[in-house]
Structure formats: structure tokens, C-alpha cells
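Below is one structure, written out as C-alpha cells, with a few remarks after it.
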Amino acid sequence: MDMSLWLSSLASILTPTVLMFNAFGVLIGVLIGALPGLSATMAVAILTPITFWFEPSCGFAMLIGVWNSAIFAGGISAVLINTPGTPASIASTFDGYQLYRQGRGGLALGINCIFSVIGGVISTLFLIFLAFPIAKFTISFGPTEYFMLALFGLTMMISVSENSVIKGMAMGFAGLALSCVGIDPLLAVKRFTLDTTALTAGVSFLPVMIGMFGIGEVLNQIYEQKKSKDELEAELTSEASGKLGRVTPTFREFMKLLRPTTLAGAESTIIGAIPAAGGDIASIICWGQAKKMSKHPEEYGKGSVEGFAVSCTANNGVLGGALTTMLTLGIPGDAVTAILIGSLMMYGMQPGPKMFTEDTGFVMQIMQLMLLSNLLILIVGLATAKASAKLLHASKESVWAVVTLLCIVGSYALNSSFSDVMIMAVAGLAGFFFKRGGYAPGPFILGLLLGGMLESNLRRALVLSHGSLMIFVERPVTCVLLLLIVLTLFFPVIKKMLIKK
């Protein structure tokens, strides 16, 4: 790594403007992550088009801040009302809520902040030291390797299909079909445009993403709301009005927790580098592993400080590993990294090996922004630990109105096109019906995002081989990727077995 370029990149982000955007992103992430039902995916999705108007360093500083802080903040509601704010905080409910009931809610909130940061820093160090060597290895990739990478990314549709693989595959193929709308990548002829200029450039990824994850989620929450406002406020008041006590652990407590959490940080980073593994499975695996190695396993699930710290570390420990895979290979391992790929493409950058040679400085800025975001989370999280309980009293109607407004503004702002707003609205309605029917939107987004890369590289590879499919098994890298694709197909079965265990 070029230290002079590293220092130059660091100087460019340590400016008042970039710091302000990063701090704003952290605050927004805390607000959204702490409210059950509003995910980090939604937050990044609705803010991405707004960042188009800013410098890439400022826009991505906000997105990185939102992503990191929303995952951490999911533990706040896990502690106070036994409901994870994000899927990654599922394991935090095992011990966090029990700690709150024991009168140690403040300590649980402090541990959630401190050890989420530790997990984030460990995974970011993994990103810093391994991303460039991985990218250097993959720089020689040609059409066959990129086709296999795209195909590998598309197999993630099975892993993120939630309850039904068949439904997930149907959604993925629908996304692939939609990616064919527009100009043919090789012959430059119009395809499926319905003779409208709005579809000549294809269906834009961002309006579809905003509609499905933003408007679709809002409509679904409105549909599912069964409790009256007074009943909901009474429930939240009764759950979150208790005394929280001290926030920070003692030095002795911190040192006792350092060993198991460091192991959890390393383990979750590796899990995060595996596409589609995610923070939920990582936190469950790390929590179970720590329980086996603990001197007091009987305390786990009953208010164990150690178990809670491990789950918090695993939450954010996944992020650096996922970002490593996304930046070096261009493969979105989950919905958030898929959105981040879209935002980088919006800035004119293509995640993958070439980014490490053509946009080296910006890659370093992303790494530094990860560290900076964790530092801000530590400051903000500890300073607002007790006040964060009040976030759970926010009116859902107000949240829905703000999210809807941001979706409309964001979809229009990218190209100043009303057509994008219409696409977003249609995608929002589709997202709502998908949710009601049990169809996960993740596979659809993956298909739409990777469809172009898959098609163009497949056709280029076949041109080079004069139509022979043997070109895809003649190189070691493509053979390894093919093996990974086969293994990925069986990942849902392995995941279910791990969760049951």
C-alpha cells in the first residue's frame, strides 16, 4: 500500500465538509436503526440518490455512516423492548433484554455501542490489509471470470430468498428479465422499450430499489398495523421507562470481555466475506460458539454480559468482510452492498479489481471512512445511550410520511425525470405485493443489478471461443468459482441447520 497516497486520502476526508456528512449519516443511521421495522437497507436506499448531488467523498461518507450506525442502533430496541431494530441484532435480544429487566439496561446500551465499534474496527482492518492483495490477484480477470463472478453473485438469490427458494428464483429471473430492457450491449439496438424514450437507457436501478425497500415497506407496515396509537404508546412507555443505571463497563469488566469479543470480531469478519451470510447468521454463530467456550455457559440467554457483548461485536464485524468482497470482486453479498455498488456506479466507478487501479484513492477513502464512522458511533452512542430510549416513542405516521417524501425526492433527483418517480411508485406497489405474497425483494434487485454484467460478459466470452462453452472450465479461477456456485446452492440447507443448532 502506498503510504503517501494513504495520507493524501486521509487529508481529503478530514475536512469539515466530509466530517459533517459522515456525522449526519451516523445520526440518521441511529434514528432509523433504533426503530423496529426500519432497516439499514431502507436507510441507504432512500439516501443514495440524494448523494448524487454531492462530491463522491461526501456522499459516500454519509452512506458509510448510515450503514455502520444503523446496524449498531438495532441493538437499542433489542435491549429496551426485546425487538431487534435490524436483522443483525436478533442475537442481541437473547441477553440484552434480560439485562434491561435486571436493571442494567444502561450497561447493555454502553456495551452495545463499545463492542459494535470493536467489531467494526476489526473487520475494517481486515479490509485494509487484505483488499489490495485480493484485488491484485483478480486484476487479470477476463470475460469468462467476470461472467462467473456475476453468476456467483446471482446464486445469492437463493441464499436471500428467505422462506421459499422457488419464489426467490422467480424474483431473481424477473430482475434478470427487467435488466434486458434498453440498448443491446453489443449490437446497440433497442430491446423491450415499448417505443418510449424513458426506457431507452433501461430501467434505472435506483428508482426500483427505492420503491421496493422504501414505499413497499411503508405500505406493508400500514397494512400490518393492528394496534391503535394509544395502545402502542402505552406498551412502549411501560417497556422503556425503567431505570437504566450506569452506561460504561468497568475496566475489569472490559478486559474480561476483550478475549471472546476479539474472537467474535475475527470470526464474523470471515463470515461477512461470504456472500449472503449476513449479520443475523454471524451473530447467532458467534453467540453459540462463545457459549461453548465460556466458563459460565449457563448464564447465556439469561442476561449474560459476555454473550451480549459477543453478539454486538458480530453485528458490525460482518461489515468489513462484506465490503471486502463487494469492492474486490464486485459481488453484492446482501441488499445493502448491492445498493452501495449502485451508488459507486452512479459516481462513475465500477466495483471490482479495476477500481483498485483506477480509483485507488477513493478505495482508501472508503476504508478510512469506515474507521471514522466507528469513532463517531462510539462518541454519539455513549453520549446518547440513555436518551436513545426516547426514540422508541416516535410516531409511526410521521416516520412513514418522511420516508415517502424522501423516496419521491430521491427518485426524481437522480435524473430530474418524472419517469423515474413513476418507476419508483410501480416498484413500491410491486414491493408491497411481493411482501404480502412472501416474495423477498432481494433476489429481484440482484437480478436487475447483475443482469447486464452477466449478459455482456457471456456474449463476449462466447465470441472469443467461437461459441464453445469449454472456455468456462479451461481456467483455474473459473473452475474455483464454479465450485463455489455449486456450494452456494446448498447454503440455505446449511444455514437452517446452523440456526436450529
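Key figures for this structure:
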{"quantity": "Residues located in region 364-385, provided they are among the polar types (S, T, N, Q) and assigned to a helix (DSSP H, G or I)", "calculated": "Q365, Q368, S373, N374"}
{"quantity": "Selection count, region 22-48, where residues are surrounded by 24 or more Cβ atoms within 10 Å (Cβ to Cβ), at pLDDT 80 or above and either outside any helix (DSSP H, G or I) or more than 15 Å from the chain's Cα centre (by Cα) (or both)", "calculated": "2"}
{"quantity": "Enumeration of residues in region 404-442 that are modelled with pLDDT of 80 or more, within 15 Å of G172 (Cα to Cα) and either loosely packed, with under 15 Cβ neighbours inside 10 Å or touching a Ser or Thr at 6+ places or on another chain (Cβ under 7 Å) (or both)", "calculated": "G438"}
{"quantity": "Residue selected from region 308-349 under the condition over 16 Å from the mean Cα position of the chain (by Cα) and small (G, A, S), by the criterion farthest from E267 (Cα to Cα)", "calculated": "G348"}
{"quantity": "Qualifying residue in region 81-98 (condition: buried (at least 18 other Cβ atoms within 10 Å of the Cβ) and over 29 Å from I284 (Cβ atoms))", "calculated": "no"}
{"quantity": "Selection from region 169-223 of residues that are β-branched (V, I, T), under 21 Å from F52 (Cβ atoms) and in contact (Cβ under 8 Å) with a residue 60 or more places away in the chain", "calculated": "V203, V208, I210, I215"}
{"quantity": "Yes/no for I445 being assigned to a helix (DSSP H, G or I), among the β-branched types (V, I, T) and within 29 Å of G211 (Cα to Cα)", "calculated": "yes"}
{"quantity": "Subset of region 285-298 (residues that are more than 18 Å from K500 (Cβ to Cβ) and free of Cβ contacts under 8 Å to residues at least 24 places away in the same chain)", "calculated": "K295, H296, P297, E298"}
{"quantity": "Qualifying position, being modelled with pLDDT under 75 and either among the aliphatic types (A, V, I, L, M) or not in a helix (DSSP H, G or I) (or both), among A401, A389", "calculated": "A389"}
{"quantity": "Residue within region 168-191 that is surrounded by fewer than 21 Cβ atoms within 10 Å (Cβ to Cβ), on the phi > 0 side of the Ramachandran plot and at pLDDT below 80 present", "calculated": "yes"}
{"quantity": "Flag if S373 is among the hydroxyl-bearing types (S, T, Y), at pLDDT 85 or above and over 27 Å from T488 (Cα atoms)", "calculated": "yes"}
{"quantity": "Top-ranked residue of region 232-278 - restricted to ones that are in a loop (DSSP other than H, G, I, E, B) and among the hydroxyl-bearing types (S, T, Y), ranked as modelled with the lowest pLDDT", "calculated": "S241"}
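The values are calculated or read from the model by the stated rules, or taken from the named source; none is laboratory data. Source: prediction; values computed, not measured. Neighbour counts are summed over all protein chains in view; Cβ atoms, including those assigned to glycine, are modelled from backbone coordinates with ideal geometry.
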